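First the structure, in the form of structure tokens, and then the observations on it.
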Amino acid sequence: MTQPNWLHQTAQAIFEMAGLLVRMLAGGSHNEQPQRPAIERAIAERCLPVLPGFLLLSSLLSLVIIRIVTVTAQSYGLSEFALEVLVRTLVLELLPLYSAIFVALRVSLPNRKAHTDLAQAWAGLLASLLFTSLASILAATLAYVMVYGFSPWGLTSYIGAIGKIFTPAMSFIFLLKTLAFSLAVALLPAGLARANELQAFTRLVALLLLVEVVSLIGNYA
């Protein structure tokens, strides 16, 4: 691909994404009576069928990482730091990225040919936000159970550890990153309607990784 063609395609994709974003935000379009049934139908048809599989995969991924971190921490006598590492690794970093990629593969990219439809865009946006929230809550619950079991006596220290991690600044960056991921999943397929599947997926993952790198800089730099 020559540079002029690449620049032209990039500019065209940005223009189409910006146009779709304006349509989504203009006039409360998601609350308009004709649009709401279409959004609800898109969510029901595209998101709900893949939700059980997503939760299952999220549980397995979380359990594997939780087990690795807890065993490693115990072997080095650092068990008190295991929960903080788990929350930072799973909830702050891995699961938002995983959720966005999952929604992109199962909801947004397969329908990108018609993704200028507002209902499809809203479905991708809301699905990414919902899936990220559910995966984070599930991982936090599994981390507690794996460390403390089903006893309620660890709740105080666990909530304290969570509070130390989610400072106002880190919470703000986390929310911005999650929103940026969701907007990328919702909008980018509209700009990639003419690209093949591999190109579309590669560009979307590159954008998500760029957002992730920026968030890491904001959190730890």
## Note on the structure
Taking first residues from segment 115-126 that are over 10 Å from I43 (Cβ atoms) and second residues anywhere that are at pLDDT below 80 and outside any helix (DSSP H, G or I), the pairs with Cβ under 7 Å that are 6 or more apart or on different chains are H115/A193; A121/H115
### Hits in segment 170-182 (condition: in contact (Cβ under 8 Å) with a residue 24 or more places away in the chain and either touching a Lys or Arg at 6+ places or on another chain (Cβ under 8 Å) or surrounded by fewer than 19 Cβ atoms within 10 Å (Cβ to Cβ) (or both))
M170, I173, L176, L179
### Message
Every residue in segment 139-153 that is surrounded by 18 or more Cβ atoms within 10 Å (Cβ to Cβ) and of a type in the set (F, W, Y), please.
### Response
Y144
### Query
So how many residues does segment 80-105 have that are within 16 Å of V147 (Cα to Cα) and small (G, A, S)?
1
### Task
Looking for whichever is surrounded by fewer than 15 Cβ atoms within 10 Å (Cβ to Cβ) and hydroxyl-bearing (S, T, Y) here; the options are T167, T132. Which one fits?
T167
### Message
Filter segment 161-202 down to the residues that are within 19 Å of G19 (Cα to Cα) and of a type outside the set (A, V, I, L, M, F, W, C) and list them by number.
### Response
S182, P189, G191, R194
### Task
Considering only residues that are closer than 14 Å to I101 by Cα and out of contact with any helix residue (DSSP H, G or I) (no Cβ under 8 Å at 6 or more places or on another chain), look in segment 198-208 and name the one that is modelled with the highest pLDDT.
A206
### Task
Kindly establish whether K164 is assigned to a helix (DSSP H, G or I), in contact (Cβ under 8 Å) with a residue 24 or more places away in the chain, under 18 Å from L90 (Cβ atoms) and more than 19 Å from the chain's Cα centre (by Cα).
yes
### Query
Can you tell me which residues in segment 75-90 are at pLDDT 85 or above and either among the hydroxyl-bearing types (S, T, Y) or more than 27 Å from the chain's Cα centre (by Cα) (or both)?
S75, T89
### Query
For the subset of segment 115-151 comprising residues that are of a type outside the set (A, V, I, L, M), within 19 Å of V87 (Cβ to Cβ) and part of a helix (DSSP H, G or I), which member is modelled with the lowest pLDDT?
Y148
### Query
Is it true that some residue in segment 58-66 is surrounded by 11 or more Cβ atoms within 10 Å (Cβ to Cβ), touching a residue at least 40 places away in the same chain (Cβ under 8 Å) and closer than 30 Å to D117 by Cα?
yes
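The values are calculated or read from the model by the stated rules, or taken from the named source; none is laboratory data. The structure displayed is predicted, hence computed values, not measured ones. Ideal geometry is used to build each Cβ from the backbone, glycine not excepted, and the neighbour counts take in all protein chains shown.
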